[in-house]
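Dumping the structure here so I can ask a few things about it.
The values are calculated or read from the model by the stated rules, or taken from the named source; none is laboratory data. Computed from a prediction, not measured in an experiment: that's the story for all the values here. Every residue, glycine as well, gets a Cβ built from its backbone with ideal geometry; the counts of neighbours run over all protein chains shown. Only protein heavy atoms, including side chains, enter the accessible area calculation; ligands, DNA and RNA are left aside. Shrake-Rupley method; radii C 1.70, N 1.55, O 1.52, S 1.80 Å.
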Amino acid sequence: NGVLEPEAQDGKAGKTPAFDHNDYNSHLRELEQDPDIHLQDLRERSWDSVLSKEFIMRMHNGIYANEKKGSRSWRGAVLMKDSISLANYQRLLQRLKPGTIFDLGTAGGGSALWFADQCRALRLNTKVITLDIVDMRAAEVKQLHQDEGIEFVICDVTKAFGQLKTLHLPKPWLVSDDCHVDSKKLIAEFEKLGMDQGDYILFEDTHLATADECGMNADKPEEYTCDHFAIGKQTVMKNAMMERADDYKIDTDIQDCYGYNGARYVNSVFVRVTKAVPGAIGEPQP
């Protein structure tokens with residue numbers, strides 16, 4: 001019938017195959033004995049990744065295919081995230097159950113819509129706020145955002161405090177940075193807004209093989225370059241978070257789910273582990 005039949009445990013027909021003795025529920029219970037989130041100090045981690053340049057190049061094929069007319073990847077909106085990133089966000093959303101998601105870098109609006117839909121599927125009452133310096137959303141995507149209760153804010157995200165300080169921002173927070181600005185200014189702005197213990201920030205596009213320009217992919221390797229964009233972003237992010245290494249740790253359950261730094265971002269999934277100190281630099285005032 002085309003399906004390989006397992007040998008019986010004692011080599012005789014009619015006996016229960018050995019693999020049927022595996023109790024999957026027992027396996028799950030064993031895993032549950034280690035329920036803690038695994039956190040690691042940034043200063044202890046290497047900046048290597050299990051994902052090769054060739055792998056990252058191939059992932060770009062899928063990302064930029066989402067821009068093609070008639071192939072909009074999420075309910076008609078461009079969603080510029082790769083499959084590993086989407087899977088990692090799903091894992092984090094289920095565990096964190098965020099009260100507020102800040103989607104930094106709206107672009108076509110697909111990411112904000114995807115976040116809102118995932119939260120609704122998880123029956124979470126999460127507020128999704130998407131920010132960009134210009135509004136590039138198509139009219140139909142603007143309507144979808146309005147229908148889903150997604151709030152769009154036009155601003156420089158490194159100066160977002162004035163725009164966000166009067167809003168109700170339930171905890172915990174997930175800050176998704178896909179806007180490619182100065183990471184040091186960005187994290188300081190959200191600390192000023194109220195980034196606190198248990199809140200997450202994820203910096204995308206910090207794998208050094210990330211393409212320098214939109215549209216680059218594995219189909220034209222001779223045109224593919226990665227010698228400045230991600231290098232610049234990783235360097236600024238690294239310096240900013242090294243300064244805060246006592247306050248933020250890497251969530252390795254997310255960062256290393258597909259292997260060590262197995263994503264298009266490297267050492268970039270942070271959770272704040274300390275309480276904010278009122279009056280400290282970058283912290284909210286009492």
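Criterion first (among the polar types (S, T, N, Q), touching a Phe, Trp or Tyr at 6+ places or on another chain (Cβ under 9 Å) and either buried (at least 22 other Cβ atoms within 10 Å of the Cβ) or assigned to a helix (DSSP H, G or I) (or both)) does N261 satisfy it? Lay out the reasoning, then the answer.
Numbers: among the polar types (S, T, N, Q): yes; touching a Phe, Trp or Tyr at 6+ places or on another chain (Cβ under 9 Å): yes; either buried (at least 22 other Cβ atoms within 10 Å of the Cβ) or assigned to a helix (DSSP H, G or I) (or both): yes.
Taking the combined requirement at face value, the residue satisfies it.
Let me ask something else. In the stretch 177-188, which residues are crowded, with 19+ Cβ neighbours inside 10 Å and without any contact (Cβ under 8 Å) to a residue 60 or more places away in the chain?
Answer for the stretch 177-188, where residues must be crowded, with 19+ Cβ neighbours inside 10 Å and without any contact (Cβ under 8 Å) to a residue 60 or more places away in the chain: just S183.
Search the stretch 254-270 for residues that are at positive phi and pair each with any residue that is among the hydroxyl-bearing types (S, T, Y) and modelled with pLDDT of 95 or more when their beta-carbon atoms are under 7 Å apart and the residues are at least 6 apart or on different chains.
Listed by first residue and then by second, the contacts come to N261/S49.
Among the residues in the stretch 40-48, are any at pLDDT 95 or above, of a type in the set (S, T, N, Q) and in a loop (DSSP other than H, G, I, E, B)?
Of all residues in the stretch 40-48, those at pLDDT 95 or above come to 40-48.
The next check asks that each one be of a type in the set (S, T, N, Q); those that pass are 40, 46.
Imposing the further condition that a residue be in a loop (DSSP other than H, G, I, E, B) reduces the set to 46.
Yes: the stretch 40-48 contains one or more residues that are at pLDDT 95 or above, of a type in the set (S, T, N, Q) and in a loop (DSSP other than H, G, I, E, B).
Out of curiosity, is D20 assigned to a loop (DSSP other than H, G, I, E, B), at pLDDT below 65 and open to solvent by 80 Å² or more (accessible area, probe 1.4 Å)?
Numbers: assigned to a loop (DSSP other than H, G, I, E, B): no; at pLDDT below 65: yes; open to solvent by 80 Å² or more (accessible area, probe 1.4 Å): yes.
So D20 fails the test.
Give the residues of the stretch 74-95 that are under 17 Å from A263 (Cβ atoms), in contact (Cβ under 8 Å) with a residue 40 or more places away in the chain and not basic (K, R), sorted by residue number.
M80, D82, I84, S85, A87, N88, Y89, L92, L93, listed by residue number.
Can you name every residue in the stretch 92-110 that is open to solvent by 10 Å² or more (accessible area, probe 1.4 Å) and in a helix (DSSP H, G or I)?
Q94, R95, L96
Among the residues of the stretch 137-158, which ones are farther than 16 Å from H180 by Cα and not charged (D, E, K, R)?
Of all residues in the stretch 137-158, those farther than 16 Å from H180 by Cα come to 137-153.
A138, A139, V141, Q143, L144, H145, Q146, G149, I150, F152, V153 - these are the residues of the stretch 137-158 that are farther than 16 Å from H180 by Cα and not charged (D, E, K, R).
Would you pick out the residues in the stretch 221-253 that are assigned to a helix (DSSP H, G or I) and either among the hydroxyl-bearing types (S, T, Y) or without any contact (Cβ under 8 Å) to a residue 24 or more places away in the chain (or both)? Reasoning before the result, please.
Taking the stretch 221-253 and keeping what is assigned to a helix (DSSP H, G or I), we get 221-223, 229-242, 252-253.
Answer for the stretch 221-253, where residues must be assigned to a helix (DSSP H, G or I) and either among the hydroxyl-bearing types (S, T, Y) or without any contact (Cβ under 8 Å) to a residue 24 or more places away in the chain (or both): E222, E223, I231, G232, T235, T252.
Let me ask something else about it. Using the structure shown, decide if Q143 is part of a helix (DSSP H, G or I), of a type outside the set (K, R) and over 28 Å from H60 (Cβ atoms).
Working: part of a helix (DSSP H, G or I): yes; of a type outside the set (K, R): yes; over 28 Å from H60 (Cβ atoms): yes.
Taking the combined requirement at face value, the residue satisfies it.
Given the criterion touching a Ser or Thr at 6+ places or on another chain (Cβ under 8 Å) and in a loop (DSSP other than H, G, I, E, B), identify the matching residue among R123, R137. Give the steps one after another, and end with the answer.
Working: R123 fails: touching a Ser or Thr at 6+ places or on another chain (Cβ under 8 Å).
Within the list R123, R137, the selection yields R137.
Go through the stretch 244-258 residue by residue and tally those that are crowded, with 17+ Cβ neighbours inside 10 Å, out of contact with any Ser or Thr (no Cβ under 6 Å at 6 or more places or on another chain) and over 24 Å from F229 (Cα atoms).
Of the residues in the stretch 244-258, 4 are crowded, with 17+ Cβ neighbours inside 10 Å, out of contact with any Ser or Thr (no Cβ under 6 Å at 6 or more places or on another chain) and over 24 Å from F229 (Cα atoms).
Within the stretch 154-176, count every residue that is open to solvent by less than 30 Å² (accessible area, probe 1.4 Å), part of a loop (DSSP other than H, G, I, E, B) and free of Cβ contacts under 8 Å to residues at least 40 places away in the same chain.
Residues meeting the conditions: 2.
Quick one: E151 ticks every box in (1) at positive phi; (2) open to solvent by 60 Å² or more (accessible area, probe 1.4 Å) bar one, so which box is it?
(1)
Sticking with this one: Inspect all residues belonging to the stretch 202-220 and state whether any of them is closer than 25 Å to H168 by Cβ, of a type in the set (V, I, T), in contact (Cβ under 8 Å) with a residue 12 or more places away in the chain and in contact with a Phe, Trp or Tyr (Cβ under 9 Å, 6 or more places away or on another chain). Before the answer, list the steps.
Going through the stretch 202-220, the residues closer than 25 Å to H168 by Cβ turn out to be 202.
Filter once more, so that each one left must be of a type in the set (V, I, T): none.
Scanning the stretch 202-220, I find no residue that is closer than 25 Å to H168 by Cβ, of a type in the set (V, I, T), in contact (Cβ under 8 Å) with a residue 12 or more places away in the chain and in contact with a Phe, Trp or Tyr (Cβ under 9 Å, 6 or more places away or on another chain), so the answer is no.
Within the stretch 77-133, count every residue that is basic (K, R) and under 23 Å from K165 (Cβ atoms). Explain how you work it out, then say what you get.
Going through the stretch 77-133, the residues basic (K, R) turn out to be 81, 91, 95, 97, 120, 123, 127.
Add one more test, that the residue is under 23 Å from K165 (Cβ atoms), and what stays is 127.
Result for the stretch 77-133: 1.
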